[in-house]
Structures are given as structure tokens and as C-alpha cells.
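The values are calculated or read from the model by the stated rules, or taken from the named source; none is laboratory data. Keep in mind the model is a prediction, meaning the values are calculated, not measured. A quick note on method: Cβ atoms are made from the backbone with ideal geometry, for glycine too, and the neighbour counts reach across all protein chains shown.
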Amino acid sequence: DTGVSQDPRHKITKRGQNVTFRCDPISEHNRLYWYRQTLGQGPEFLTYFQNEAQLEKSRLLSDRFSAERPKGSFSTLEIQRTEQGDSAMYLCASSEGLAGVETQYFGPGTRLLVL
Amino acid sequence: GQQVMQIPQYQHVQEGEDFTTYCNSSTTLSNIQWYKQRPGGHPVFLIQLVKSGEVKKQKRLTFQFGEAKKNSSLHITATQTTDVGTYFCAGDLDSSYKLIFGSGTRLLVRP
């Protein structure tokens, strides 16, 4: 499968615990995005990387959230001291091409439930 | 803030009927993209519109981008049960790679 993959697909955790999600983009794509989607809403942009550089972060991304893409390939999203409001689907997408004409390809997502 | 609004929130149609969802932005868009998300699935890219007034067709789906590049529509002719899902528009405000998604229109099709 050459699409975007995410791991784990589901995560249940207790409030206050830390969680880490992984995203493996399509291999030749140099841009990688993280989005959050809650029930009945569209995906909300969190952050994106161009190769290993994190170029933009949403105000939604509180200090408890950190994302990395150390070698410009896979990326991790960590949430520290989880809160019930963090429960959502976390989607990763990757793309290549010029701004304004690129296509973002989404992974299957990691569904997080914070008890 | 910058918003992309989408209506209706839900549409329940009889198989064979047409369906349209509308997307409006508070600011001019560089381009607009449409995605389909099946229940339990992830967004899947359908199409991208870049030019003012652009119209594109994919079989029974017709996509339009407004002249002012602030609105867009997706029209499905003669819906089928396989069209079930949520359709999202996503606007690129300033060619910044960041997409702003609408809240989606959930389409249900009665067989």
C-alpha cells in the first residue's frame, strides 16, 4: 500500500496521560500535515511540515501538543497531559507540488478517546 | 476569522434525485478543493478548482467555482446509494498550503 498510513488507528487513554501518534506519508511527498476532526465537523488544520521544517502551527495547537518530522519522512504528534476535549480523529495528510495546485492525500486517521 | 461555510448540513434524497451542496468563503480563495468522506472513513480528494468561473465534471458530479472565487458548488445528478457520505469543500486562502474546511454536507440516499 503506497498511501498515507497512520498508527495506531484507535487510542483510548485516561485524562492526564501522554499519547503519541505516527504518520507515514506517501514516500515522494515533501509536505506533511496534521488535522483534527471532531464529530460532525470538517478537519481543522493543526500544523504542517515542508521536509523536516515545521512551517506553520495553528492557534489550536496548544503547548501540550508537539509535532516532529525529524528526517523529513514520518512524523509524530504527541499530546501531553491529555484532556477530554482532546478526543477527536487526528488526520495526517501529505502532498507535493506547488502551492495552489497541490492535492492533499489523507491517511485513515487515529481516533483518540480520552476518558 | 477566516471561515468557509457549507450548506445544507444534511440532505436526504431518494435514489435518482439530484443533490447540490454550496460552499461560501468570507474571503477570496486561491483555489477550492472538494473531498468525500464515507462513514467511518477519511477524506478522499475529488477535485480542485483554481480559475474564476471554472466548471469541471466527473461523470455525474459537476463542480463550479464562482466568478469572485468566494463560492463553489457540487452538484450530483441522479444520486446513487454509492454517493452516500459527507462532502467537504476546503479553501486555500492564500496559496499557503493550509486548507480551511467547511463543516460538510452529509448526503443520505434512500434506495
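Before moving on, here are some points about what is shown:
- Count of segment A:22-68 residues which are surrounded by 14 or more Cβ atoms within 10 Å (Cβ to Cβ) and part of a strand (DSSP E or B): 24
- The set of residues from segment B:83-111 being over 12 Å from the mean Cα position of the chain (by Cα) and either assigned to a helix (DSSP H, G or I) or over 24 Å from A:Lys57 (Cβ atoms) (or both) comprises B:Asp83, B:Val84, B:Leu108, B:Val109, B:Arg110, B:Pro111.
- Residues satisfying the stated conditions in segment B:30-60, i.e. crowded, with 16+ Cβ neighbours inside 10 Å, under 17 Å from A:Glu44 (Cα atoms) and not charged (D, E, K, R): B:Ile32, B:Gln33, B:Trp34, B:Tyr35, B:Gln37, B:His42, B:Pro43, B:Phe45
- Residue match in segment B:6-20 (condition: under 27 Å from A:Gln6 (Cβ atoms) and in contact (Cβ under 8 Å) with a residue 24 or more places away in the chain): yes
- Where A:Ser94 falls short, out of the listed (1) assigned to a loop (DSSP other than H, G, I, E, B); (2) in contact (Cβ under 8 Å) with a residue 60 or more places away in the chain: (1)
- Answer from B:Ile47, B:Ile32 - the residue that is touching a Leu at 6+ places or on another chain (Cβ under 6 Å), in a strand (DSSP E or B) and under 25 Å from A:Leu39 (Cα atoms): B:Ile32
- All told, B:Phe63 falls short of being assigned to a strand (DSSP E or B) and modelled with pLDDT under 95.
- Hey, B:Leu74 of a type in the set (A, V, I, L, M), in contact with a strand residue (DSSP E or B) (Cβ under 9 Å, 6 or more places away or on another chain) and touching a residue at least 24 places away in the same chain (Cβ under 8 Å) or not: yes
- Scanning segment B:84-111 for residues that are more than 7 Å from chain A (Cβ to nearest Cβ) and among the basic types (Lys, Arg), we see that the one that is farthest from B:Phe45 (Cα to Cα) is B:Arg110.
- Selection of first residues in segment A:48-60 that are under 15 Å from A:Gln104 (Cβ atoms) and of second residues that are basic (Lys, Arg), restricted to Cβ pairs under 8 Å at least 6 apart or on distinct chains, gives the following pairs, ordered by first then second residue: A:Tyr48/A:Arg31; A:Tyr48/B:Lys98; A:Phe49/A:Arg31; A:Phe49/A:Arg69; A:Gln50/A:Arg31; A:Glu56/B:Lys98.
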